[in-house]
Amino acid sequence: MRSEWKDTRTFFPLFIEHLNQDPTIETVVVVGAADGKFVLPLLRAGYSVTAIEVNNSAVHGYGDTRKGKAAERYSGGGLTAAAREVGLQDKLTIVNADVRTADIFPRDALWTSCSWHYSLNHDQPLSRFFDAMKRCVRPGGILGAEYFMPVAPKHVETEHYLEQGEVWRYLQGWRRNWEAYTPVFVEAPHLGQPDVHVHRMGFFIATSSG
Ligand SMILES: C[S@@+](CC[C@H](N)C(=O)[O-])C[C@H]1O[C@@H](n2cnc3c(N)ncnc32)[C@H](O)[C@@H]1O
């Protein structure tokens, strides 16, 4: 697919492999779904997906003229067009909203990739974002995330860039299935970052104790 994020590094293959081993998982929420880089593989693998995305342009594509909360403007047709192109729109529910205020029926699993560090989330404690994600997962369900770690002095000023191990403060009582941290690495250009740049990323999969 033609995602604006197609070249960025990801732990997503480990997450979907984990899901595929659990026959009770049928429904997945993607928080910060953007234009569908992770939504489409989940749909293709047979899951029903609820995609939550605050940016109107990511959802409706370049034709969207409403003012979005996020500044990134997409050049393609967005998530709705991507799902239609592969004929899987019937298994996709799109929630064009801020996850922190969205009203979501709990699903079997949740995935998010580099979403909570966005500046729009800095107006509230990071716990609000985690509380919202936890509400999206049923008892015994799975939450997987990859996220930015600090690489610049400005990142240290906000709690939304977590250092190694800090994520578990927000997931007390959850079972740790997987945990990994990268060193600083060179990331490919993507929306909002036209040049190569550096990232550092954390990743986990956890199960709700319910
Ligand atoms: C780095 S992008 C995700 C791109 C993803 N890596 C991919 O490849 O599709 C993170 C997304 O999270 C969305 N996001 C950030 N905060 C959000 C919030 N509070 N509610 C919903 N979406 C949010 C952003 O608008 C952005 O599209």
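The values are calculated or read from the model by the stated rules, or taken from the named source; none is laboratory data. Here the structure is a predicted model, which means the values were calculated and not measured. As a convention, Cβ positions derive from the backbone with ideal geometry for all residues, glycine included, and neighbour counts pool all protein chains shown. Please note that ligands, DNA and RNA were not included when accessible areas were found on the heavy atoms of the full protein model with its side chains. Shrake-Rupley method; radii C 1.70, N 1.55, O 1.52, S 1.80 Å.
Select from segment 131-154 the residues that are closer than 27 Å to HIS197 by Cα and either of a type in the set (Val, Ile, Thr) or within 15 Å of the ligand (Cβ to nearest atom) (or both) and list them in ascending order.
Pass one, segment 131-154, residues closer than 27 Å to HIS197 by Cα: 144-154.
Result: GLY144, ALA145, GLU146, TYR147, PHE148, MET149, VAL151.
Restricting attention to segment 38-74, and to residues there that are open to solvent by 10 Å² or more (accessible area, probe 1.4 Å) and near the ligand (Cβ under 7 Å from one of its atoms), which single residue is modelled with the lowest pLDDT?
Just the residues of segment 38-74 that are open to solvent by 10 Å² or more (accessible area, probe 1.4 Å), to begin with: 38, 41, 44-48, 53-54, 56, 60, 62-74.
Among the residues that remain, those that are also near the ligand (Cβ under 7 Å from one of its atoms) are: 38, 53-54, 70, 72.
On the way: PHE38: 97, GLU53: 96, VAL54: 94, ALA70: 51, GLU72: 75.
In this case the residue turns out to be ALA70.
When you scan segment 168-210 for strands (runs of 3 or more DSSP E) that lie fully inside it, which ones turn up with 1 or more residues that are open to solvent by 30 Å² or more (accessible area, probe 1.4 Å) and out of contact with any helix residue (DSSP H, G or I) (no Cβ under 8 Å at 6 or more places or on another chain)?
On the way: elements: 175-181, 185-187, 197-199, 201-207.
Ranges flagged: 175-181, 185-187, 197-199.
Please enumerate the residues belonging to segment 13-37 that are touching a residue at least 24 places away in the same chain (Cβ under 8 Å), away from the ligand (no atom under 16 Å from the Cβ) and part of a helix (DSSP H, G or I). Let's see the steps before the verdict.
Just the residues of segment 13-37 that are touching a residue at least 24 places away in the same chain (Cβ under 8 Å), to begin with: 14-16, 18-20, 22, 24-37.
In the following step, the residues that additionally are away from the ligand (no atom under 16 Å from the Cβ) were identified as 18-20, 22, 24-27.
Selection gives HIS18, LEU19, ASN20.
Residue-by-condition table, conditions (1) within 22 Å of THR24 (Cα to Cα); (2) out of contact with any strand residue (DSSP E or B) (no Cβ under 7 Å at 6 or more places or on another chain); (3) in a loop (DSSP other than H, G, I, E, B):
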position: ALA51; (1), (2), (3): yes, no, no
position: THR80; (1), (2), (3): no, no, no
position: THR93; (1), (2), (3): yes, no, no
position: SER115; (1), (2), (3): no, no, yes
position: ASN121; (1), (2), (3): no, yes, no
position: MET133; (1), (2), (3): yes, no, no
position: ARG138; (1), (2), (3): yes, no, no
position: GLY141; (1), (2), (3): yes, no, no
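Quick check on segment 1-12: of everything there that is within 17 Å of the chain's Cα centre (by Cα) and either of a type in the set (Gly, Ala, Ser) or open to solvent by 80 Å² or more (accessible area, probe 1.4 Å) (or both), which residue is nearest to the ligand (Cβ to nearest atom)? Walk me through it before giving the result.
Applying the first criterion (within 17 Å of the chain's Cα centre (by Cα)) to segment 1-12 yields 3-12.
Restricting the remaining residues to those that are either of a type in the set (Gly, Ala, Ser) or open to solvent by 80 Å² or more (accessible area, probe 1.4 Å) (or both) gives 3, 6-7, 9.
Working: SER3: 6, LYS6: 8, ASP7: 10, ARG9: 10 Å.
Selected residue: SER3.
For every residue, the table says whether it meets (1) under 24 Å from ASN20 (Cα atoms); (2) under 19 Å from the mean Cα position of the chain (by Cα); (3) without any contact (Cβ under 8 Å) to a residue 60 or more places away in the chain.
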| residue | (1), (2), (3) |
| --- | --- |
| ALA145 | yes, yes, yes |
| PHE148 | no, yes, yes |
| ALA180 | yes, yes, no |
| GLU187 | no, yes, no |
| VAL198 | no, no, yes |
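Scan segment 95-108 and report the pairs whose first residue is closer than 17 Å to SER48 by Cβ and within 9 Å of the ligand (Cβ to nearest atom) and whose second residue is assigned to a loop (DSSP other than H, G, I, E, B) and small (Gly, Ala, Ser), with Cβ atoms within less than 8 Å and a gap of 6+ or a chain change.
VAL95/ALA102
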